[in-house]
1. Which FRET efficiency value, to the nearest 0.05, is calculated for A200 and H112 with the Förster distance at 41 angstrom and r the Cβ-Cβ distance?
2. Evaluate the Debye formula for segment 210-276 with equal point scatterers sitting on the alpha carbons, no solvent, and hand back log10 of I(q)/I(0) at q = 0.17, 0.21, 0.27 Å⁻¹, in q order, two decimals.
3. What full-extension length gain, to one decimal in nm, is calculated for V192 and Y66 as 0.36 nm per residue of separation minus the Cα-Cα distance?
4. Relative contact order for segment 210-276: what is it in percent, counting Cα pairs under 8 Å that are at least 6 residues apart?
5. Once label points are set 7 Å from the Cα along Cα→Cβ at both A158 and L73, what is their separation, rounded to one decimal in nm?
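Values in this text are rule-based calculations from the coordinates and carry no lab data. Keep in mind it's a predicted model, so treat the numbers as computed, not measured. FYI the Cβ positions are ideal-geometry reconstructions off the backbone, even for glycines, and counts take in every protein chain you see.
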Amino acid sequence: MAAESIGGDGLVQAHVALAALVEDPEQFDQARDRRFSEPPPSYRTRPGTPTQPARPVLENDPLTEYIKRKDQLRLNWMASSAPDQFMTQHREEIVRIEQKNECAGVGRGPGHLADDRVKERWVKQGIWDFKWYESNLERWGDEVLDTPLLDAVWLHEAPPEADNSDNEEEEEGLPLSVIFGPKKPPKTEEEVRQSAERRAERRRRREVTRPIHQFNYQVSQERERLVEEVRARQAPDDSFARCCPPDISTQAYNIVKDRWISRRIWVDKWGVLPGMTWLHERKFDELALEELGPRPPPRAAPARQRVFHFDSSRGFP
């Protein structure tokens, strides 16, 4: 057997043959080439065992292409949601932090610093919802981060809040005084004015998270950044009007638009400026039908052929 063939004299013969090959490199090369130039031994199947040929890969299969495009469309559809936009900007901020070798502080990593900076920008822009953290605490406990998670929505997507100080009797048309007692005295002009201002402020805060308003804000911020760069390069005896490029607003617009395209939140159908709703606000099934058309039927698989090995010694397959 194999174990016996390498024992005793067999082991001595193998040692002598190996030493000869080491002494004669040309013989070693010839033996190696001869060994690996031989065809592999034939494979024998057991008599009567059917073998299945490899299933061919369907190239350009309409259903396969449809599924790939639908998966990509779903990623683009989700990219404009509040959690996805936060994570996208979070990753961008980490890259900037690591490129500058910034210190995040004791016990803190680049991720924590990135979270703080993105949140700070969103608070300044007016698109941060402080209820996100409250909702996360209720769902996940004290260990949760102060970031929009899972199903967090933009302010304009959330149901409008009721102002308890408003005159509900007038707004709802319900005579509560009949049920709960004497009617409250009418509001003064100052109270009416303050109530109207609160409603206007709530509407304004809800609207700032829409695409058009976020885009305009970011373009204005980008323009300010470009202006500061021009001022930093400006010579003492040069006027700003002469140093500032005439198309600085166009530059800011293109920078922000390219950024939105790279983040997959720009919708081609918007045209020059974004619209009032994000892509994820649409129902995905309706969007997929509009963008991709109906789902194609699966291609009929070719008939499988059963292949048998013929054993001539037994006289039957």
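1. Once the sixth-power term is evaluated, E becomes 0.65.
2. Result of the Debye calculation: -0.64, -0.83, -1.16.
3. This chain segment gains 39.7 nm when fully extended.
4. Here the relative contact order equals 49 percent.
5. The two pseudo-label positions are separated by 3.2 nm.
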